[in-house]
Structures are given as structure tokens and as C-alpha cells.
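Presented below is the structure to which this report refers.
The values are calculated or read from the model by the stated rules, or taken from the named source; none is laboratory data. Quick caveat, the model's predicted, so the values are computed rather than measured. Cβ sites come from the backbone with ideal geometry, for glycine too, and all protein chains shown count toward neighbours. Surface areas here come from the heavy atoms of the whole protein model, side chains and all, with no ligands, DNA or RNA. Shrake-Rupley method; radii C 1.70, N 1.55, O 1.52, S 1.80 Å.
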Amino acid sequence: MEMSEQLGAERRARLAAERLLQQTKSELYEANQKLASHARHLSDEIVSTRATTKRVMSEAEDLKDRYQTARFSLEQAESAIMIAERRLWDSLETIRDGFAVFDADNTLIAANRAYLAIFDGLEMVRPGIEMRMLIALMAEEGLVDTGAQTCREWQDMMLDRLKSNRIDAAVLKLWNGQYYRFIDRRTRDGDLVTLALNVSDQMAREGQLKEARLRAEAANRAKSAFLANMSHEIRTPMNGVVGMADLLLETDLDEEQRAYLDTIRTSGEALLVIINDVLDYSKIEAEKISFKSEPFDLERCIHEVVTLLHPSAITKGLQLAVDYDLFMPTTYIGDAGRIRQVLTNLIGNAIKFTEEGHVAIRVVGLPGETGSEYRIHVTIEDTGIGIPESKLDDVFREFQQVENDRDRAHDGTGLGLAITRRLVSLMGGEVWVDSTEGVGSGFGFHLTLPSVEDDEPEQISAPPWMRRAIVLDDEGLNQSVILKQLSLMGLSPTTVSSLDDIAAENPTPQDVVFVGQRDRDDLILPAAVALRERFNMAGLFLLVSGPYNLPKGEHPFDAVLQRPVLRADMMRCLTAIGSPGAVEAVSGEEAGSDAGADVEAVMPTVEAGPAPGADLRAMRVLAAEDNRTNRFVFQKMLKTLDIELVFAENGLEAVELFSEMRPDIVFTDISMPKMDGKEAARQIRRIEAEWRTEPCPIIAITAHAMEGDEAEILAAGIDHYLCKPLKKQSLIDHILTAQPLGTRPVMADVEGAVTAPPAVTLVRGLMEKAASAN
Ligand code: ATP
Ligand code: MG
């Protein structure tokens, strides 16, 4: 090989080597570059990791601190809780009442010793036991007295009890005679907290109190029964005393004897009133009183009481006024008798304790919520001696009389208001008093009673053609009540002060005139006649208080009205007058007397009996009464009657005599030997049913005023019921009512004296007794 070729080959080899070197160099550089960047990166990472580690380490330090603090607090808290819990349990252990907590599933969590002691140290009674088990143990181990219940029933009852939201307390009697009251409450989480209070002492005291109360009640009932019996026993002989005094008064007596006898009679009657009060009070006390529910007219009821008490008010010169709310109904359902009794007590007191001025009875009412009921307010206001404020609370208590401290100028027992208050409260109302000593008193009561719709609503307006009412009356309450009444009825009332003033008013045919009676009756009559002659007024009325003395049928008045005037009576007077047109149609005088006759029919009149006929028989009266004195009184009371009176001494005899004599009326005592009046009445009714005859009126006469008896008496077929002491007039009234056709008049006519002696048949029983004694 040539040299150049060799050189060329060497050059080429060198060039190739140089190229390779160059390439290797650049690759090395690149690798170096990468390495350097990686190294840089690594170093960065190391720096940051180091920072993180440092931070984490500091945080860990921090946490460690915090943990330490927390642990410390926790330890402190735990110890505080322990102390609190220990204190709580120590306290719970010191009380002698049991305390226990159950969880929501009724498992015992904790209980104090007192609670555990209830279970008499039974080992299984400890936290973890279920309530169901506890109750079962109580019953089955005889720890508790389950009373009349069986073990099972008692357990069911106790478990049921826990189911309610508000658990009622339960008092349990334990085996050792102790009583525990269990009070259980659920907490918000449903736990059950139980408190078992030892109430043994309290129960013992309650037992003693109950026993004492029962003893006191029994004693009180015995007292009331004793009083009721005693007053009943006293009434019977008193009845004889009063009755005989009455009869004796009808005989020939000189002034002195009459005065003594009057005293006997009035004292006897006063005693009977007291006895009735005591009887009433003891009946209320013994809870033997019942109330009727019957329709009655309240306004009439008030007026009846007022009429009864009017004489005593007049004797004292007192005005007695009734102001009955014109727009209030008058018919209610209630016990009229009891309401009358209340009114009599209150109005009677007002009159008794008032020497001058007036006594006013005001009645107002408001419809109740249902509309058919009325809340009725009655006030009785007087201008009497009044009651000192310190005594106001006492007057309703029994036997409390203010006069005991003043001087005893008034009679009475001090029972009236006590009875009144009891009656009103038993009827669901209330009584009150308001009084100023020396000025007057106001007593009142309210009652809520169902009102009865009148079939025809009562008319309360005067005839439309009527204009004026001219009133001449004493100034005062009665006058203002009448004026109010008249103006509410649509008239324009004018008051005048003398008879001459009436003429000055020039009454027209559209006017009515009211003249109040004053002392000078004799003046009124001619003046009234003169008025009638001069004027053609629509009506002329006389207002009186109590008895009046006018020639019957010949006086110039259209009607006489008793003060206080019942609004129904006032209405009847006004509507009885014909309109002025009608007056002109007939002669003035006739129209006047016609209207008058109409109105006067309202007032009680005495009618003459039928003329005696020769062929008529005497009316037959059968009376059954076992008490001899009473028979005697009875016979004497009827001695002026033309009747055939037969006595029976007991019920059995009465029934026999009834079949024999077929009486027109039977009077019978209730309690009699052999057969009582009720049984006798039943048998008589049976006989009548057999005979198919009309029932004969049977009137019971009894000293029992017990209301309960009344229903029983009436149920036996008895028609009426009279209380002793007997009143001659009511016996006669019953006989007159029962008088059948075809019998002789029972009463001799008014003019002629009684001629025929009463046909009194001998007492059969007495005759028999006399016969058997021989
Ligand atoms: P009784 O009513 O039993 O016959 P009484 O009227 O004395 O006797 P209450 O009606 O209970 O008994 O009254 C008790 C007392 O209250 C009376 O004694 C009297 O002191 C006083 N009192 C009652 N009403 C009035 C009155 N309207 N004005 C003044 N005092 C009165
Ligand atoms: Mg009284």
C-alpha cells in the first residue's frame, strides 16, 4: 500500500475519531447538565423537607402540651364530679325518704339505702334490677299490702301506672305498717326518678281526723234528729193548746179572761213558729230537705208574702213597695214554697227591724247564657236600725242576734237568716247583706231559674187609646213604683197632691185616675162621687194598703187595688175598661160598674151557699185520728157546720167506716196505730176501684212537716196535705170544696144564725172501748 493511501486512510481515521470525540463530548456535556439540574432539585427538596419536619415537630410539641393540660383538667373535673356525686349520695342517704333512679328501660341505676330498706334487705334489689321485678317482689314477698286486689291485679295496676305521661302518686302500706307515698317523674332523657316519702305519721293523723270527723258528724246528725223529733213531739201537744185556746176564745169570756187566753194563744203560736224554725234547720242539717221543680209565678209569690206581712208594716206606718222589673218574665221553675220562706224571712226581718220609713223589694233579672234561664236578683232594702259593720259577718250564723248586745227589743230565735242562707245556697244561689247602722240595711239574694214561656206572652202595655194617668198618692216608694209601672205601660203619668187638683187636671175620657187611700176615707168617697159626676174619665181606681171599708157595689171606683200593685192586676184593671167609644154606646154609669165588676172578680168574694132544701142529706165527713185531744179539737172546730162527722181511731177503722158510711170527704192523720194513714188511703183507693166510684177527696193531717213525707203521702193516693196546728178555715175550705150536689149547705147562710146543731156521730172507737171496759 502506498503511502498517500496510507496517509489518506490515516486522515480519514483521524477525522472519524475527531467526530466521535466531538459527539461524545457533547453527550457528556448534556449528561452533566442533567446531573447538575437534578442535583439542584434534590437540594431544594432537602431544604423544604427539613422545614416541614421542623414544623411538624413543633406542632407535635404543642399538641403534647395541650394534651397534658387537657388531661389535667379532665382529672380535675373527674374529681369534682366524684365529689359532687359523693355529696349528692351522702345527702340522699341522710334523708329518711327513699330515692331511686331508673333508666328509660326501667332498670334501676341507683337507689339510696332508705329506698332499698323498703325491700327489707332483699339481696337481689340492687342496681341492674328491673322495675317489673321490683313490683313483682313487693307483691309476692308480701312487702306491700295489696288491699282488696289480688297479687296480679296489683302488679298490673302498678305497671300501668308508670305508662302514663304524668304518673299519679301512689300510697302503699308496707309489711311493717309504714306508709310510703311514691312519686315518680320521667326526666327529659326518659329516666325515671322515684321518691318514696314516708307518710306514716301523716296517715295516722289523717286517720284520727277522719275518725273525729265521723264522730262529730254522727253526733251532729244525732243532735239534728233529736231536735227534729223533739220539735215534732212538742208540736203535737202545742197544737192541742193553741187549738183549745182558739175554741175557748169563742165562748163567753170577760175582758180579763180573754186577755189571758189571747196571751196563751199568741205565746203558743210563737212557740210553734220557733219550733218550726228549729225543725226546718235540723232538717237542712240532717240533709232531709228536698226541693221541688215546678212552674210558679215569682211576682205573685212575692206579693203573697208582702200581703201576709203587710198588716205588721201598716201597724208601724211603714211603706212596703215592690218593684218588679216590668220586662222580666214572671213564671219560673223552682220551689215556690222555699222561695216564699226565704222572702218571708228577709222581708219579715226588714219590717221587724224598721221603725219608720219604708221597706222596698226590688226584683231584676238578666237572661242567662242559654236564654231559657234567668239570673234573678232580689233585694230587700229597709230604713231600719241597720247592723254594725263588725256584726255583718255574724248575722247569717245560727242563733246570732245583734240585739243580744243592744237590748232585746225584738223577738225571734236568730235562725231565720241561717235557714235563709242554707236554702238559697242549696238552690244554687247566694245571699248577701249591706248595712249601715242607724241608716238601714239591704239584704239580697240571687238565683238562676229556668223561665217558662207564657202561652200568651203577657201584655204590658195599656190600651192604645189611653193617654194620661193622674195619680194622687202619698209621695214615696209606692208612688214612684206605680208611676214607673204606668209610664212603662205607655201612659203619661201626672201626679197631683189633692182631690181638687184632680179636677184642675180636667180628666178626659182617655184618662185614668188613681186615688190613694189616706186616713180620711170618708172624704174620699164623696169627692170620688163628685169627680165621677163632673168628668167622664176612662177609669177611677182606689189604691189601698190593707183592709178598706166601702159600701159594696155602690162606690164610684172601677176597682180597688192593693198596694203594692201587682203589674198583672194593674194590666187587668186597665184592659177591663172599655174604649171611650164603648163607653158612649151604653150609659156611662153602667159601663163603669160593668168594668168594676169584672175587676172586682179578681178580689176574693164570699158567696152565699145554695138555699137549704128539706130533702137533702147532710154531707158526710170521716176523720181518722188516734189522739183524743186532736179529735176533740177537730170536732169543736167543725161544730158550727151542718155535717155528719164520724171519727175513726186508726187506719183500719177508717177503711171499715169508709165502706160502711161512704163519706164525701176523708181527713186522716198519718201516724196511727194498727194501720197508718197512707196504708188506709191505699186501701180506700182499692175499694173505690172495685166499686168503680169517683175517688173521694182524702186530706192528710200530720205533724210531720218533712218534705220527703209529702211525696210519699201523695203517692198513697192522698189528695192534699195539711200541717198541724189545724186551722179551722182550711178544714172548712176543704169541706166546702168537696161538697157534692144533693147535700145540705154546710154553712148556715150569712144572715141567719146556725140553727141546726151539727150532726156529730159518736166516736165509734170510744164507744167500743167503753163497751169492752164494762
Ligand atoms: P228569727 O228570724 O229566727 O225569728 P231573728 O230575726 O232575730 O230571729 P235572723 O233573721 O237570723 O234572726 O236575723 C239575725 C239578726 O240579724 C237579727 O236578730 C238582727 O239583729 C239582724 N238583722 C237581720 N235583719 C236585719 C235588718 N233588716 N235590719 C237590722 N238588723 C237585722
Ligand atoms: Mg228573722
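For this structure, a couple of remarks:
- Accessible-area rank, largest first, for Thr693, Thr436, Thr331: Thr436, Thr693, Thr331, with all protein chains present and a 1.4 angstrom probe.
- Taking Lys and Arg as +1 and Asp and Glu as -1, the other residues whose beta-carbon sits under 12 Å from that of Gly717 total 0.
- The trypsin sites (Lys or Arg not before Pro) of the range 176-266 that DSSP puts in a loop, and whose beta carbon has at most 12 other beta carbons within 10 Å, are Arg188.
- Per-peptide packing, taken as the mean over residues of other Cβ atoms within 10 Å, places 338-344, 193-199 in the sequence 338-344, 193-199 from highest down.
- Applying the Karplus relation 6.51 cos²θ - 1.76 cosθ + 1.60 with θ = phi - 60° to the range 370-387 yields 3J(HN,Hα) values of 6, x, 8, 9, 10, 9, 9, 10, 10, 10, 10, 10, 10, 10, x, 6, x, 10 Hz, where x marks Gly and Pro.
- Counting only residues at least eight positions apart within a chain, or on another chain, the lysines with an alpha carbon under 17 Å from that of Lys34 are Lys25.
- Loop-located GluC sites (Glu not before Pro) in the range 282-363 (DSSP state other than H, G, I, E, B) with a sparse environment of at most 16 neighbouring Cβ atoms within 10 Å: Glu287, Glu355, Glu356.
- Dipole magnitude for the chain: about 3500 debye, using +1 per Lys or Arg Cβ and -1 per Asp or Glu Cβ, origin at the Cα centre.
- Computed [θ] at 222 nm, deg cm²/dmol, the chain (DSSP H ≥ 4; -39,500 (n - 2.57); rounded to nearest 500): -16500 deg cm²/dmol
- Amide H within-cut-off set for Thr448, under 5 Å, with H built and near neighbours excluded: Ile376
- The aspartates and glutamates whose alpha-carbon is closer than 13 Å to the alpha-carbon of Lys484, local same-chain residues fewer than 8 away aside, are Asp323, Asp325.
- Selection from Ala77, His446, Ala136, by position along the positive dipole direction of the chain (Cβ): Ala77
- Net length gained if the chain between Ser43 and Ala270 were fully extended (0.36 nm per residue, minus Cα distance): 68.2 nm
- Loop trypsin sites (Lys or Arg not before Pro), the range 1-98 (other Cβ atoms within 10 Å of the site Cβ: 14 or fewer; DSSP): Arg96
- Rounded to 10°, Cα long-axis angle of helix 416-426 versus longest principal axis of the chain: 50 degrees
- Database remark: amide H of Arg617 closer than 5 angstrom to the amide H of Arg744 (H placed geometrically; neighbours at sequence offset of 5 or more, or on other chains; Pro and chain starts carry no H).
- Annotation: peptides 532-540, 266-274, ranked by per-residue average of other Cβ atoms within 10 Å with the highest first, follow the order 532-540, 266-274.
- Percentage relative contact order, the range 179-289, counting C-alpha pairs under 8 Å, at least six apart: 25 percent
- For Asp65, solvent-accessible area (1.4 Å; no DNA, RNA or ligand), Å²: 90 Å²
- A straight Cα-to-Cα reach below 19 Å connects Lys163 with the aspartates and glutamates Asp103, Asp105, Glu130, Glu153, Asp184, Asp189, Asp191, residues fewer than 8 places away in its own chain not being considered.
- HN-Hα J in Hz across the range 12-17 - Karplus 6.51, -1.76, 1.60, θ = phi - 60°, x for Gly and Pro: 5, 5, 5, 4, 4, 5
- Between the residues Gln68, Leu88, Val56, the greatest Cα displacement towards the positive end of the dipole of the chain, with unit charges on the Cβ of Lys, Arg, Asp and Glu, is found for Val56.
- Beta bridges per DSSP with both ends in the chain, % antiparallel, nearest 5: 55 percent
- Between helix 521-534 and the chain: long-axis angle, C-alpha atoms, 0 to 90°, nearest 10: 90 degrees
- Counting only the Cα atoms, the chain fills a convex hull of 528 Å³ per residue.
- Split the accessible area of the range 139-220 by element, probe 1.4 Å, and carbon with sulfur accounts for 49%.
- Using only side-chain charges placed at the Cβ, +1 for Lys and Arg and -1 for Asp and Glu, the dipole size of the range 53-167 relative to its Cα centre rounds to 460 debye.
- Pairs from Lys292/Lys724; Lys352/Lys639; Lys292/Lys639 whose Cα-Cα separation, in the structure shown, is over 27 Å: Lys352/Lys639; Lys292/Lys639
- Net charge over other residues, Cβ less than 12 angstrom from the Cβ of Gln208 (K, R count +1; D, E count -1): +1
- Cα-based shape type of the range 266-328, given that a ≥ b ≥ c are square roots of the gyration tensor eigenvalues and the cut on a/c is 1.5: oblate
- Compared with the dominant principal axis of the Cα atoms in the chain, helix 628-637 is inclined by about 60°.
- Here the Karplus curve 6.51 cos²θ - 1.76 cosθ + 1.60, taken at θ = phi - 60°, turns the phi angles of the range 180-191 into couplings of 10, 9, 8, 10, 10, 9, 8, 8, 4, 7, x, 5 Hz, with x standing for Gly and Pro.
- The order of Lys727, Lys163, Lys316 by accessible area, most exposed first and with a 1.4 Å probe, is Lys163, Lys727, Lys316.
- When the chain is described by a simple charge dipole with +1 on each Lys and Arg Cβ and -1 on each Asp and Glu Cβ, the residue from Ser164, Gly416, Gly677 located farthest towards its positive end is Ser164.
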